[in-house]
Amino acid sequence: MGRLIIVSNRLPFSVDRDGDQVTIRQSSGGLVSAIKSYFESDASASSDIREKMWMGVADFSGEDWESEVQPRLAKYDFTAIPLFMDTAVYKDYYNGFSNSVLWPLFHYFPSLVQYQANYYDAYVQVNRNFANRLAEVVEPGDTVWIHDYQLMLVPEMLRAVQPNVQIGFFLHIPFPSYEILRLLPTEWKTALLRGLMGADLIGFHTHDYVQHFMQSVKMLLGVDNYFYTMQYQDRLVKADLFPIGIDYKRFHQAAYDSEVLELRNDIKRNFENKKIIFSVDRLDYTKGLMDRLNGFECFLQQHPEWIEKVVFVLNVVPSRDEIPTYLERKRQIEEKIGTLNGKFSSISWQPVIYRYNHLPFNELCALYQAADVALITPLRDGMNLVAKEYVASCVTQRGVLVLSELAGAASELNEALLVNPTDVIDVSNAIDRALEMPLHEQKHRMALMQKRLVDYDVVKWVNDFLDQLANVRKEQQKMQTKLLDDRIYKRIHQHYQKAQKRCFLLDYDGTLVSFARVPQEAVPSKELKELLYRLASDEKNHVVIISGRDADVLDKWLGHLPVTLVAEHGASFRMKGESWQQSIPTSEPWKEVIRPIMQIFVTRCVGSFVEEKNNTIAWHYRNTPADLGFSRSRELINNLHQMVQNTMLQVIDGNKVIEVRMAGFDKGVMALRIVNDLSPDFTLCIGDDTTDEDMFKALGNKAYSIKVSNGITAAQYTVFSQRKVLPLLDQLLTPLTETEYAGA
Ligand code: GDG
């Protein structure tokens, strides 16, 4: 690898100036500690990264950079690239679009969003500044890794000027469901998605966020996905989940540090004979501080036996205090703490110990270790590292984590007591359960969570992301070599000419004929029938039309030709010159259950219709408005998947069609059976649909496989349009001249 350039809103350090005195301080926060831990790790030292760089906005002046800051950075293991921004523009970009539009919206607080055009303009401007500066810096072979919601437009902007650069993007906050994203003005939301699609790999914390993102891309940009990959413009783009880890060793080892131990013992002594509940968060409405206090109040009311026997140490870290909503929340929280303490305190005890400051690292670790319970209940959180750090800090495995089910971390930390943060009774019960939990259960739960955190720590997270990014590059290169060009075609032609026994496996709709508005309209043209006749009349050729259509239609349209017909993806077939046979027993009753459901979706989605075949029932949505048809199809799939659980049925998500049929047969099984029976020395398989992928995969290298579309495929080659298929077959029938043959 060449150089690794990390790009984030801020540089990972701040500069404090007190008169002539300048000091450099490492910033806190998840991203900085993650990347810094990686930079300091052995894995990073032994990697083939030539140089590490970090680009971000500076919180110091250009003069200070030259004279004071740069000389002091020599000891750091990365090169800093500072950006200097106009203060007013930066404010609209950071406090404005980033933290008053994207942050509330992506955390499901749409009512707090301020839709101001000047905020968006500033966001575009700052993103462009980043991209321009990057374009000056990047060299061939570099990897650029852009972080977080402040810089969502940068990948596309950079790609426009440096098309070949390798770009990764990671979103640290949730990616919301499409319903939330669509609240943004169309120009903004499509620009954000296009921006991200400029990257090669887009990472998220959880599977849900990946799904939300891919659905939004499908709905707004009309780009489909296939196993987390998307074909966007002429590139393959991948989205995947990379749940960020922590520097496990650092927190675990802190437990043995003498200063941390002393602090921990002080805290324990201070609250002798009392259980300690602990939390630490930035001051932010997403962290659910008010709901947490309500939950704790409910607990004290429901469980008075714990009065004077428990304290809640609540640390709030100052944050974004230039934004009015944040200041207002602070006032409300402090008022609530006052009321709560006033209501329950005695002369010698108060239930909430509140602090509003930034804790030194050692004190944070001491608190993690002293706490009997960590109460971490955000209303939404991309991941939440505090929960993971607490688990890593419990070296004796004594301690209970109460965690919001709405934090990304909940999908990994299943052994925590998961709560709904707004449900005060749920929170109260969880606190009680945590305080009463037997030690063996605490240890059991902790051990399982710790194992997972050790296995996927922050270094693994970085390596995993960078490895996947490199893999996407390889896949892109493979894709580029797939287009069926003249050279490859000649090779196929030559092989055809030499072969003695040839097999053609040809899909019908979208391959031999173009898509029609309704299935009945896709009748074969005279030209197609003639071509198939000529192809099949050569006694060396065995032509198979392998389709999702039912037997009746295939018989009617193509039955007179000397070809094999396979209907309904292999459910029935008619070998050349023989009569129809069933591959599976026909059983009707299941259709009675599926039909009414599909009918409901016909009513709910104008333009859709149901097609019934012997062994399949299909709901088509090719004639519906794109948005509506697609979203209804997702709902239908959801319903059907639930219904077919534990049955022999399968639900197929086809090209603008959802089908239900018996499991155990598909085009792949059938194609392979035919090829194995026939043992041809030349096989050509052409198809356009997801169901044809089964053939491409099953046949592997036994056939030349060609996919009609520019999508991602298991086929060896692609042609971009259905119009290319008939000339391609036709040309095979024209013998190569001697020179052509020799030159192929
Ligand atoms: C984003 C996402 C996602 C906090 N207070 C103190 C302190 N911290 C440290 C913690 C932890 C980090 O800051 C906060 O972690 P979060 O997970 O809350 O992350 P954020 O940076 O707010 O934001 C979040 C994360 O990115 C990573 O992808 O998990 O969902 O919002 O490391 O230990 N550290 C010290 N004193 C404090 O008072 N020393």
Practice task
Only residues that are in contact (Cβ under 8 Å) with a residue 60 or more places away in the chain and either more than 16 Å from the ligand (Cβ to nearest atom) or not small (G, A, S) (or both): list them for region 238-255, please.
Solution key: K238, D240, F242, P243, I244, I246, D247, Y248, K249, R250, F251, H252
Exercise for the section: Considering (1) at pLDDT 95 or above; (2) touching a Phe, Trp or Tyr at 6+ places or on another chain (Cβ under 6 Å), say which one S216 fails and leave the rest. Expected result: (1)
Exercise for the section: For region 401-410, indicate whether the set of residues that are buried (at least 17 other Cβ atoms within 10 Å of the Cβ) and closer than 22 Å to V260 by Cα is non-empty. Expected result: yes
Practice task
Hey, can you tell me all the residues within region 379-395 that are in a loop (DSSP other than H, G, I, E, B) and more than 8 Å from the ligand (Cβ to nearest atom)?
Solution key: L379, R380, C394, V395
Handout entry: Odd one out for M214, checked against (1) out of contact with any helix residue (DSSP H, G or I) (no Cβ under 8 Å at 6 or more places or on another chain); (2) surrounded by 19 or more Cβ atoms within 10 Å (Cβ to Cβ); (3) of a type outside the set (V, I, T); (4) farther than 20 Å from F465 by Cα
Key = (4)
Practice task
May I ask you to say which residue of A117, A135, A122 is without any contact (Cβ under 8 Å) to a residue 40 or more places away in the chain and closer than 24 Å to I49 by Cα?
Solution key: A135
Exercise for the section: Please tell me if I353 is surrounded by fewer than 18 Cβ atoms within 10 Å (Cβ to Cβ) and either hydroxyl-bearing (S, T, Y) or out of contact with any helix residue (DSSP H, G or I) (no Cβ under 7 Å at 6 or more places or on another chain) (or both). Expected result: yes
Practice task
Answer yes or no: is there a residue in region 660-676 that is crowded, with 16+ Cβ neighbours inside 10 Å, over 28 Å from K724 (Cα atoms) and within 28 Å of the chain's Cα centre (by Cα).
Solution key: yes
Fill in the blank from the handout: Scanning region 152-194 residue by residue, the ones that are away from the ligand (no atom under 16 Å from the Cβ) and in a loop (DSSP other than H, G, I, E, B) total 10
Problem - Condition met for F278 (touching a residue at least 12 places away in the same chain (Cβ under 8 Å), assigned to a helix (DSSP H, G or I) and either in contact with a Phe, Trp or Tyr (Cβ under 8 Å, 6 or more places away or on another chain) or within 15 Å of the ligand (Cβ to nearest atom) (or both)) - result: no
Handout entry: Residues (of a type in the set (S, T, Y) and more than 25 Å from V657 (Cα to Cα)) located in region 565-579
Key = S579
Practice task
Answer yes if at least one residue in region 92-109 is surrounded by fewer than 16 Cβ atoms within 10 Å (Cβ to Cβ) and assigned to a helix (DSSP H, G or I), and no otherwise.
Solution key: no
Exercise for the section: Give the residue that is nearest to the ligand (Cβ to nearest atom), with candidates limited to residues of region 355-378 that are in a helix (DSSP H, G or I) and touching a strand residue (DSSP E or B) at 6+ places or on another chain (Cβ under 6 Å). Expected result: L367
Exercise for the section: Give region 315-335 a look and list any residue that's away from the ligand (no atom under 12 Å from the Cβ) and in contact with a strand residue (DSSP E or B) (Cβ under 8 Å, 6 or more places away or on another chain), or say none. Expected result: K330, I333, E334
Exercise for the section: Confirm whether R622 is of a type in the set (D, E, K, R) and either farther than 23 Å from G510 by Cβ or part of a helix (DSSP H, G or I) (or both). Expected result: no
Practice task
Among the residues of region 258-295, count how many are of a type outside the set (S, T, Y) and farther than 21 Å from C394 by Cβ.
Solution key: 11
Exercise for the section: Just need a number here: residues in region 22-38 that are outside any helix (DSSP H, G or I) and within 6 Å of the ligand (Cβ to nearest atom). Expected result: 2
Exercise for the section: Scan region 72-81 and give yes if some residue there is assigned by TED's automatic domain parsing to the domain that holds I24, crowded, with 18+ Cβ neighbours inside 10 Å and either more than 25 Å from L158 (Cβ to Cβ) or in contact with a Gly (Cβ under 6 Å, 6 or more places away or on another chain) (or both), otherwise no. Expected result: no
Exercise for the section: Name the residue, out of I492, I488, I431, that is among the β-branched types (V, I, T) and closer than 22 Å to A387 by Cβ. Expected result: I431
Problem - Residues located in region 107-133, provided they are within 25 Å of the chain's Cα centre (by Cα) and aliphatic (A, V, I, L, M) - result: V113, V124, A131
Handout entry: Residues being in contact with a strand residue (DSSP E or B) (Cβ under 8 Å, 6 or more places away or on another chain) and in a helix (DSSP H, G or I) - total across region 516-546
Key = 5
Problem - Subset tally (residues that are farther than 30 Å from D681 by Cα and at pLDDT 95 or above) for region 471-502 - result: 0
Completion exercise
Pairing a residue in region 378-405 that is on the phi < 0 side of the Ramachandran plot with any residue that is within 14 Å of the ligand (Cβ to nearest atom) and among the basic types (K, R), where Cβ atoms lie under 7 Å and the two sit 6 or more apart in sequence or on different chains, gives P378/K287
Completion exercise
A careful count of residues in region 40-77 that are outside any loop (DSSP other than H, G, I, E, B), within 36 Å of the chain's Cα centre (by Cα) and either modelled with pLDDT under 85 or among the β-branched types (V, I, T) (or both) gives 8
Practice task
With respect to I146, determine if the residue is in contact (Cβ under 8 Å) with a residue 60 or more places away in the chain and crowded, with 22+ Cβ neighbours inside 10 Å.
Solution key: yes
Fill in the blank from the handout: Restricted to region 1-21 and to residues being away from the ligand (no atom under 16 Å from the Cβ) and in contact (Cβ under 8 Å) with a residue 12 or more places away in the chain, the residue nearest to L151 (Cα to Cα) is I5
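The values are calculated or read from the model by the stated rules, or taken from the named source; none is laboratory data. Keep in mind it's a predicted model, so treat the numbers as computed, not measured. So basically every Cβ, Gly included, is an ideal-geometry build from the backbone, and we count neighbours across all protein chains shown.
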